[in-house]
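The values are calculated or read from the model by the stated rules, or taken from the named source; none is laboratory data. Values in this document were obtained by computation on a predicted structure and should not be read as measured data. Ideal geometry is used to build each Cβ from the backbone, glycine not excepted, and the neighbour counts take in all protein chains shown. Each accessible area value is taken on the protein alone, full model and side chains, heavy atoms only, with ligands, DNA and RNA left out. Shrake-Rupley method; radii C 1.70, N 1.55, O 1.52, S 1.80 Å.
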Amino acid sequence: MPSVEERLSALGYALPPPLKLPPGVTLPFPWVRVVGSRAIFSGHGPVDAEGNLAGPFGKVGAEVTEQEASHAARLTGLAILASLRQELGSLDRIKAWTRVFGMVNSAPGFVRQPAVINGFTELILDVFGPQRGAHARSAIGVAELPFRIPVEIEGEVEIERG
């Protein structure tokens, strides 16, 4: 069976470098916190191949289309995988995806948040398969997200102890 990174490569994906924080921004928390057999990941947004926040920016259903936001959710998934690899050493330590919470920067009246976060879920299922990749999930609309990103995703995975 191919490794997770081999599967990512075969699907045409590359993990981004760590996020370059905007000037003056510091984060007093880790991107990933390991507790026993769990790795909890903080809210991530979409990151481009250079480590910058990826656009488009703004509210889904106004400045950002549903399709663009779904792509942003997929980019967010790649950023999360990069953070997990950095903390765990190998994505093969992930035994199961357990919980995902997706937030969508929504314009008034936009109600298709689950379709947006499907971009993330589809990536995880493609890479990890239905057994390891299946997860409980919420997808909600919010009034604003940091830096006007269209999506933010946090969650938890079960891991093999290192």
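At a glance:
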read-out	value
Where labels lie 7 Å past Cα in the beta-carbon direction, separation of I40 and E6 in nm	3.4
Per residue value of the accessible surface for the chain (all protein chains in place, 1.4 Å probe), Å²	49
Contour excess over end-to-end distance, with Cα ends at E63 and F101 and 0.36 nm allotted per residue	11.4 nm
Helical mean residue ellipticity (222 nm; -39500 (n - 2.57) per DSSP H run of 4+; nearest 500) of the chain	-10500 deg cm²/dmol
Solvent-accessible area of K20 with every protein chain in place, 1.4 Å probe, in Å² to the nearest 10	120
Projected-area average for region 26-131 over all orientations - Cα convex hull basis, square nanometres	7.6
Percent carbon-and-sulfur accessible area, region 1-119, ignoring ligands, DNA and RNA, probe 1.4 Å	55
Hydrodynamic radius of region 72-157 per Kirkwood, over alpha carbon pairs, in Å	13.2
Given 14 as the ceiling on other Cβ atoms within 10 Å, longest exposed-site-free region of the chain for GluC sites (Glu not before Pro) in DSSP loops	51-143
Radius 9 Å from Cβ of P16, net charge of other residues (Lys, Arg +1; Asp, Glu -1)	-2
Region 49-90-region 100-144 distance, computed between alpha-carbon centres (Å)	12
Cα lying deepest toward the dipole's positive end in region 79-130, options I117, L84, F101, charges on Cβ	F101
